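Below is one structure; the comments refer to it alone.
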Amino acid sequence: GDGAEGGHMHREMLDQPAAAERVLRGRLDERFGTAHLGGLNMDARETRAIRRVKILGCGSAYYVGQMGASLVEELARIPADAEAASEFRYRDPVIEPDTLYVAVSQSGETIDTLLAVEEIRRKGGRVIGLVNVVGSAIARACDGGIYLHAGPEVAVASTKALTTMFLGFSLLALQLGRTRDLSIADGKRLIAGLQALPAQIEEVLKSEDQLALVAARLAEAESLFFIGRVRGFPVAREGAQKFKEITYRHAEAYQTSELKHGPLALISPVVPTVAIVPDDELADRNVAALHEISARGGPLVVVTHPDVDLGDVRCERIDVPRSERELDPILMTIPLQVLAFHAATTLGLDVDKPRNLAKSVTVE
Ligand code: BG6
């Protein structure tokens, strides 16, 4: 209940399968393998004119924005990237008429994101919002958008809102893709993948007891790495963000590909690494990196898929169900929430209200 330590975050984690259903409801077109997003307020001509997608958000919304940029590039083949809104608004950004700007925010009140939206609109750009709170300042400031229907999120660390943001990006990327070169077969493949997600999220959440044991061990470390590459890198960033926000441990995300260019120097038996290793074209390279860590005595937790062969790497293995490869990041994010949550409760911390942080930062 509310009184229990971390009651909100725990309840919000468990609400994720239902929240995923809500954001998808009524928006999937199985017949044409596409998504319907009436709130975007863009016609087919305007949609096809988009040459670039720029995503802006803060904190977890920024990291899920990076996942969203990958989705847009993969499904719609439109160049896309994400940037912290808190940086963007201070660098007198060039605003392009054929760029679609996307503001991502749970609260819809984050001042940096709001001021970024206002700056873009002042300079003549088009912005859509992926926002949870209906009628919030960011939602009102945008040209259109996708409401996330996550329901109220109270804990500072975002869980279900983040999951609905990922799905919002999946819908957007699907629709943009289908107005371009994404085949109807691929559209249908993704829709089936999206429809399977609520039950798969539920399945991941069922491994909470196993994850709690792993978390208790991670909680002992003063410093940890979270690593992933390409699709897995924003997952690692979000995992490190959650962990540091609520455990106060130093958690740093790195690209697995950059391991030899820095972090390997710090690997030792007291510095664990949480590695994201999906069953994709980079799995072999990722497993090679795990060997490098293992050889230096670094404890490993590996979030992966059942078919991935980790060889003789010594690790705690966490398997998540296979999805369509483009959708893998969200299922890999869920165990990282659970790890952070249980590490923080092991340490006796106030999970819902971590020190020094506010749920939304509305003043400069
Ligand atoms: C930060 C919170 O202050 O704001 C993060 O600590 C959150 O958890 C970020 O992701 C952005 O908030 P919002 O409401 O814009 O999604």
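Read the figures in this text as sums done on the coordinates, not as results from a lab. Given the structure is predicted, the values throughout are model-derived calculations rather than measurements. Here the Cβ positions follow ideal geometry from the backbone for every residue, glycine too, while neighbour counts run over all protein chains shown.
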Study note, to complete from the structure: For the stretch 86-160, averaging the sequence separation of alpha carbon pairs under 8 Å that lie six or more residues apart and dividing by its residue count, the contact order in percent is 28 percent
Review point. Given the rule -39500 (n - 2.57) for each run of at least 4 DSSP H residues, summed and divided by the residues of the chain, what is its mean residue ellipticity at 222 nm, to the nearest 500 deg cm²/dmol?
Key: -13500 deg cm²/dmol
Practice item. With N denoting the number of residues in the stretch 88-163, provide Rg(C-alpha) divided by 2.2 N^0.38 Å, to two decimal places. Key: 1.10
Point to revise | Mean separation of Cα contacts under 8 Å, 6 or more apart, over the residue count of the chain: relative contact order % | key: 20 percent
Check your understanding: Of Leu264, Leu182, Leu339, which is the most mobile in a GNM of the chain whose springs link Cα atoms less than 10 angstrom apart?
Key -> Leu264
Check your understanding: Which loop-located GluC sites (Glu not before Pro) does the stretch 209-269 contain, where loop means any DSSP state but H, G, I, E or B and the Cβ has at most 15 other Cβ atoms within 10 Å?
Key -> Glu220, Glu222
Review point. Please identify the trypsin sites (Lys or Arg not before Pro) of the stretch 45-111 that satisfy two criteria: DSSP loop assignment and at most 10 other Cβ atoms within 10 Å. Which are they?
Key: Arg91
Practice item. Find how many whole Å separate the alpha carbon centroid of the stretch 282-302 from the alpha carbon centroid of the stretch 205-242. Key: 15 Å
Exercise for review: Using the Karplus curve 6.51 cos²θ - 1.76 cosθ + 1.60 with θ = phi - 60°, work out ³J(HN,Hα) for each residue of the stretch 357-364 in order, rounded to whole Hz, and write x for Gly and Pro.
Suggested key: 10, 10, 4, 9, 9, 9, 10, 7
Review point. Direction-averaged shadow area of the convex hull around the Cα atoms of the chain, nm²?
Key: 17.1 nm²
Study note, to complete from the structure: Once the in-chain neighbours fewer than 8 apart are removed, the lysines whose Cα is under 19 Å from Lys359 read Lys160, Lys242, Lys244
Practice item. Compare the Cα positions of His10, Val270, Leu190 along the charge dipole of the chain (+1 at Cβ of Lys, Arg; -1 at Cβ of Asp, Glu; about the Cα centre) and return the one farthest towards the positive end. Key: Leu190
Study note, to complete from the structure: Percent relative contact order for the stretch 57-117, counting Cα pairs under 8 Å at least six residues apart, stands at 41 percent
Review point. Between Rg and the Kirkwood Rh of the stretch 309-364, both from Cα atoms, what is the Rg to Rh ratio?
Key: 1.13
Check your understanding: Mind checking the dipole of the chain: about its Cα centre, +1 per Lys or Arg Cβ, -1 per Asp or Glu Cβ, Debye to the nearest 20?
Key -> 760 debye
